[in-house]
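Structure, as structure tokens:
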Amino acid sequence: MSASRYLKDRDKKFRLLFQDNPQPMWVFDHDSLKILEANAAATRIYGFTATEFEGMPLAAIHGADEGSRFAEWLRQADRPAASAWRHCTKSGRLIDIEMAVHEIDYDGRRAQLAILVDISGRRDLEEQLRQAQKMEAVGLLAGGVAHDFNNLLTIINGYSQLLLNHLSPADANRPFVEQIMKAGERAAALTRQLLAFSRRQVMQPRVLDLNRLVTSLSTMLQRLIGEDVDLRLELAADLGRVSADPSQIEQVLMNLAVNSRDAMPKGGVLIIETANVNLDSSYASRHITVKPGSYVVLAVSDNGSGMDAATQARLFEPFFTTKSAGRGTGLGLSTVFGIVKQSGGSIAVYSEPGRGTSIKVYLPRIDLPVALEAEGPKTQAWRGTETILVVEDDDMVRSLVRETLERHGYRVLDSAGPLEARHLAENHRSPIHLLITDVVLPKISGRELADQMVHARPSLKVLYMSGYTDSAIVASGILTKEVAFLQKPFTPTALIEKVRDVLLENGKTRQAGE
């Protein structure tokens, strides 16, 4: 084979490997750092034509600072085989690129072959993972703090109410106790928000029609945001159903609406939309917390001040707020985050400074009819004569529950732990009508204790109480709406009402072991 033919064949093979390669590639001059040739894959990613690439200095893609740093990197004899860089496409979009450079002979001149890999998606996933891990760590801390505070608030609010019940309206000490109660209620609201963020809030999910929920809430939302904000509803006619706690979804809507209102101090437009969407594997691959499938999207959008990237990165962190002192706790959006995550959904945020914000909540779509619940009148908190076994490892909470029940005529057996509770029950020959137990107990859980005691006493009813529930307890089904539950902190009145509700169910309340 002649030398000329050999060179032609080699050039042909190079052209095929270069032009048809799915990886973006450049050939650039070693001295001038100008692009001599770019393959088809490079033109697709960067948006420049092959002609536009020819003669283009690498600094035009790297940027001035990175361009000089790249030239210095290229001169290093011991440089790594590949290095990461940030490039600018023709449209101005920044992309993260990993570049490997090899020296070649290009038509008799010294040149470099650059093989490029777009790692923008990988960088985005890594950042999402870091953010998810940070939020999980903060959530664990917030949940633990809220749980401990709920025990303390149960005691503070409970004994405050007992005091108020024994103080006449004219008593000089009554206003002081009322202030303690108000402060305790405010503190309880804060701990509820922390529990929602940490996904340890008690949920009572139902099959919901979000259109119906949004419509019924719209009048309240309009009053909440004020007359200078135009509230518009754009609801899909064929909307699917979701499984969620209606009161929690209402809180999501109200928190998002308040944030939008605050972003439009001079008025504007607030749009609430619903739609059916399918999130495919391609979308899920770019969002590590999302599973492919059918969803219902609830979107709240405004044309307010918007947010920059730095604010968006911290948007759902508890106590982070851009509002002035005294105008917010920084728990509104962290509450939204926790409720949506605990409901099996995800959140996407789209915002630009000066152009507004759109927050989209995705909830899994289900094919079930909407649950209809008729609410009866509140049960009067009267006196009882039944025997109740109370299991609570916090001595002060247990004392409050016992004193409250005994003041209303109940006979009370109480225990600090499950082993002692079983011993009490085994040695008590008369009926025990109700077991009140904390969910989290030493040695065995409240669920396990209830299962054992219901097995021995089939007519026994169970009322659970807790400051929070972790994901394992929620997943076990202990806190479905068929199971009686009392959320800490609670007042003596709430305790008596709940006890009476459970005892009057006449066997309708599902027991833990059923």
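The values are calculated or read from the model by the stated rules, or taken from the named source; none is laboratory data. Every value quoted in this text rests on a predicted model; they were computed, and no experiment measured them. Glycine gets a Cβ as well: all are built from the backbone with ideal geometry, and neighbour counts include every protein chain shown.
Of T379, T385, which residue is among the β-branched types (V, I, T), at pLDDT 85 or above and either under 30 Å from A450 (Cα atoms) or outside any loop (DSSP other than H, G, I, E, B) (or both)?
Details: T379 fails: at pLDDT 85 or above.
Of the residues listed, the single one that is among the β-branched types (V, I, T), at pLDDT 85 or above and either under 30 Å from A450 (Cα atoms) or outside any loop (DSSP other than H, G, I, E, B) (or both) is T385.
Looking at the range 458-489, which of its residues are surrounded by 16 or more Cβ atoms within 10 Å (Cβ to Cβ) and modelled with pLDDT under 50? Steps first, please.
Initially, the range 458-489 is screened for residues surrounded by 16 or more Cβ atoms within 10 Å (Cβ to Cβ), giving 460-470, 473-474, 478-479, 483-489.
Across the range 458-489, the qualifying residues are T469, D470, I473, V474.
Note down all Cβ pairs under 8 Å where the first residue falls in the range 434-453 and is acidic (D, E), the second is surrounded by fewer than 21 Cβ atoms within 10 Å (Cβ to Cβ) and in a loop (DSSP other than H, G, I, E, B), and they're at least six residues apart or on different chains.
Sorted first by the residue in the range 434-453, then by its partner, the pairs are D438/D393; D438/D394; D451/G513.
Does the range 241-256 include one or more residues that are under 25 Å from M307 (Cα atoms), in contact (Cβ under 8 Å) with a residue 40 or more places away in the chain and touching a strand residue (DSSP E or B) at 6+ places or on another chain (Cβ under 6 Å)?
Step one: of the range 241-256, the residues under 25 Å from M307 (Cα atoms) are 249-256.
When the remaining residues are screened for being in contact (Cβ under 8 Å) with a residue 40 or more places away in the chain, the result is 249, 251-253, 255-256.
Still in the list and also touching a strand residue (DSSP E or B) at 6+ places or on another chain (Cβ under 6 Å): 256.
Yes.
Look at R429 and say whether it is in a loop (DSSP other than H, G, I, E, B) and either modelled with pLDDT of 85 or more or hydrophobic (A, V, I, L, M, F, W, C) (or both).
On the way: in a loop (DSSP other than H, G, I, E, B): yes; either modelled with pLDDT of 85 or more or hydrophobic (A, V, I, L, M, F, W, C) (or both): yes.
So R429 fits the description; yes.
Taking the range 205-227, which residues are of a type in the set (D, E) and either assigned to a helix (DSSP H, G or I) or in contact (Cβ under 8 Å) with a residue 40 or more places away in the chain (or both)? First the steps, then the outcome.
At the first step, the residues of the range 205-227 found to be of a type in the set (D, E) are 209, 227.
D209, the sole residue that qualifies.
In this structure, is V340 at pLDDT 85 or above and not aromatic (F, W, Y)? Lay out the reasoning, then the answer.
Values: at pLDDT 85 or above: no; not aromatic (F, W, Y): yes.
Criteria not met by V340.
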